[in-house]
Amino acid sequence: MVVRHMVNISLLGCSLLMCLPLVAQTGQALLSPSSKEGGEVVYISGGRYRPLFGNVSDSRIVGSFMLDRYAVTNAQYYLFTQQKPQWSKSNIKPVFSDVNYLRHLNSLDMNELAEMPVTNISWFSARAYCKSQNKRLPSLDEWEYVARASANKVNGQNDPKYRQQILEWYSRPANELLPKVKETPANYWGVHGMHGIVWELVNDFNTALVTGESRGDTQLEQSLFCGAGAVSSSDPSDYAAFMRYALRSSYQATYTMRSLGFRCARDID
């Protein structure tokens with residue numbers, strides 16, 4: 001399934017722009033010793049932020065945690081499938097992934113792909129990879145908290161130039177050949193490639209799930225897909241954040257996409 005197609009479906013009938021305005025919090029990014037398999041992680045100092053939906057006065061506390069500096073690469077994931085063959089392309093069970101699992105390995109040279117973000121993985125397989133590294137997928141709040149940072153600010157969401165840059169990244173067509181992870185731009189925390197490279201999985205993506213089967217779902221559905229979102233959004237101006245939430249609301253744990261990757265997080269020891 002192509003991400004852009006899913007997002008276009010989600011945006012059908014909407015003209016509003018929506019946002020994830022966040023409260024600035026000073027902090028420091030610290031490099032943690034890297035492992036050959038798991039890659040480098042950085043320290044993210046916790047703080048407060050406002051989620052996409054809710055009152056302007058609402059904020060959430062995100063605790064300090066460690067996050068991968070780079071998205072997981074094809075080389076790292078391939079090593080994982082060698083160590084855990086049940087997650088290899090030939091052995092993956094349908095209950096854990098759709099038929100497009102690792103399909104990009106069919107036509108492209110692994111040597112060329114090695115340092116690019118791995119895609120065509122499912123939520124189940126990404127979670128298994130992180131577990132094998134004694135890590136986990138980041139929560140939605142953790143990911144969005146880090147994603148608000150510009151190159152030199154913890155919270156770049158109020159910078160019009162930064163917002164425009166993100167919009168330009170998200171508007172680019174998906175390319176079959178992605179950049180190498182170490183060639184992607186870094187933000188304030190030293191985390192590379194948070195925007196415009198691949199969409200990234202979070203552990204609790206289904207907190208944005210829309211089923212229409214409950215009153216709560218109906219309220220969220222209205223927020224995502226119609227003008228009511230202008231009322232429930234804390235700042236109707238961040239189109240990129242809206243697209244991320246629309247994608248998550250359409251996603252299922254077995255889906256794989258050529259523009260969907262992941263990185264891992266872990267708790268502070």
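Nothing in this text is a laboratory measurement; each read-out follows from the coordinates by a stated rule. Please read all numbers here as calculations on a predicted model, not as lab measurements. Glycine gets a Cβ as well: all are built from the backbone with ideal geometry, and neighbour counts include every protein chain shown.
In this structure, the residue pairs whose Cα-Cα separation is over 24 Å, taken from 93/131; 135/180; 131/153; 89/182; 89/180; 89/131, are 131/153; 89/182. Between the amide H of residue 200 and those of 261, distances stay under 5 Å, these residues lying 5 or more places away or on another chain, with hydrogens modeled in the peptide plane.
Take the Cβ atoms of residue 89 and residue 180, set R0 to 25 Å, and the FRET efficiency comes out at 0.70. If the segment from residue 253 to residue 59 were pulled out straight at 0.36 nm per residue, it would be longer than the present Cα-Cα gap by 67.1 nm.
Using a simple spin-label model with pseudo-atoms 7 Å out from Cα toward Cβ, residue 79 and residue 48 lie 4.1 nm apart.
What the Cβ-Cβ distance of residue 136 and residue 171 gives, at R0 = 25 Å and to the nearest 0.05, is a FRET efficiency of 0.20. For the residue pair residue 109 and residue 153, what label-to-label distance in nm results when each label sits 7 Å from Cα along the Cα-to-beta-carbon direction? Output for this residue pair reads 4.4 nm.
Which order do the peptides 135-141, 113-119 take when ranked by the mean count of other beta-carbon atoms within 10 Å per residue, highest first?
113-119, 135-141
By the count of neighbouring beta-carbon atoms within 10 Å, fewest first, 98, 58 end up ordered 58, 98.
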